[in-house]
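Working notes, structure below.
The values are calculated or read from the model by the stated rules, or taken from the named source; none is laboratory data. The model shown is predicted, which means the values in this text are computed figures rather than measured ones. Here the Cβ is made from the backbone with ideal geometry for all residues, glycine too, and neighbour counts use every protein chain on show.
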Amino acid sequence: MTSTLPLFSKVNTAIDALRHDLIDHKDGPRISTMRNYRFAIVQYDPSDEFEMRAKAQSLVAELTANGWVVLTIDLQKLLIDRIKAQGAEWVDRVIQMEERMGRIQLDRGLNYLTDKLLPLVEGPKGLAADCRRLIKDFTEKNPDQADRTLVLIGRAGGLYPFFRSSALLRHLDGQTGNVPVVLLYPGSRQGSTSLSFMGVLNSDSDYRPRIYP
């Protein structure tokens with residue numbers, strides 16, 4: 001079946017550049033200028049979400065077919081799992097209070113929800129802890145594959161507006177077995193190192209990783 005994805009889209013450009021840096025070097029992946037800091041970000045417009053998912057799936061399939069091991073991490077699923085772990089009573093209480101506050105003023109409802117969800121998302125014990133655990137388990141099962149391993153973190157848009165990717169990557173630094181970790185980032189790029197999550201939140205320039213494209 002012929003692909004309906006545009007051949008020269010920004011998403012294609014970004015994923016093709018990432019593919020090149022992963023597999024076209026004899027001395028291993030070069031997604032970063034620092035050998036001991038193998039993190040990168042693929043930035044894309046939120047409107048290109050489904051195209052990015054399709055291209056990312058194609059990249060995973062290609063790498064796997066060529067002997068790579070790939071771990072995909074769904075941030076939205078991790079958050080949902082954490083919410084469920086709070087228990088049905090907690091979930092019902094938060095929903096009812098958010099609706100009540102929202103009827104008074106929309107911002108008050110959002111602020112209340114933010115206060116409840118941020119502890120589940122942010123900090124070293126937030127989603128970063130779940131990512132560390134998944135990556136550690138994965139690398140321990142593939143101890144000799146560091147140069148042919150990829151960790152792909154996606155579905156960040158499902159965490160809007162509660163998410164700061166710079167904090168996530170900072171808490172993962174030194175905790176990934178030095179395997180390549182790539183975050184798919186829906187947002188806009190402002191300058192060489194600043195990113196605005198979903199193109200809405202204030203830009204964040206606290207980034208060390210390479211940003212594709």
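Here are some notes:
- Residues (modelled with pLDDT of 90 or more and farther than 16 Å from GLN86 by Cβ) located in the stretch 112-138: ALA128, CYS131, ARG132, ARG133, LEU134, ILE135, LYS136, ASP137, PHE138
- Hits in the stretch 82-134 (condition: surrounded by 13 or more Cβ atoms within 10 Å (Cβ to Cβ) and acidic (Asp, Glu)): GLU98, GLU122, ASP130
- Residue in the stretch 1-12 that is farthest from the chain's Cα centre (by Cα), counting only those that are modelled with pLDDT of 90 or more and either within 14 Å of SER58 (Cα to Cα) or exposed (fewer than 13 other Cβ atoms within 10 Å of the Cβ) (or both): ASN12
- Highlighted here are the strands (runs of 3 or more DSSP E) found entirely within the stretch 174-213 that include at least 1 residues which are small (Gly, Ala, Ser) and out of contact with any Cys (no Cβ under 8 Å at 6 or more places or on another chain): 181-190, 194-197.
- Residue count for the stretch 135-157, restricted to those that are over 10 Å from the mean Cα position of the chain (by Cα), within 27 Å of PRO119 (Cβ to Cβ) and either surrounded by fewer than 18 Cβ atoms within 10 Å (Cβ to Cβ) or of a type in the set (Lys, Arg) (or both): 2
- Meets criteria (out of contact with any Lys or Arg (no Cβ under 8 Å at 6 or more places or on another chain), crowded, with 17+ Cβ neighbours inside 10 Å and closer than 22 Å to ASP137 by Cβ) for LEU79: yes
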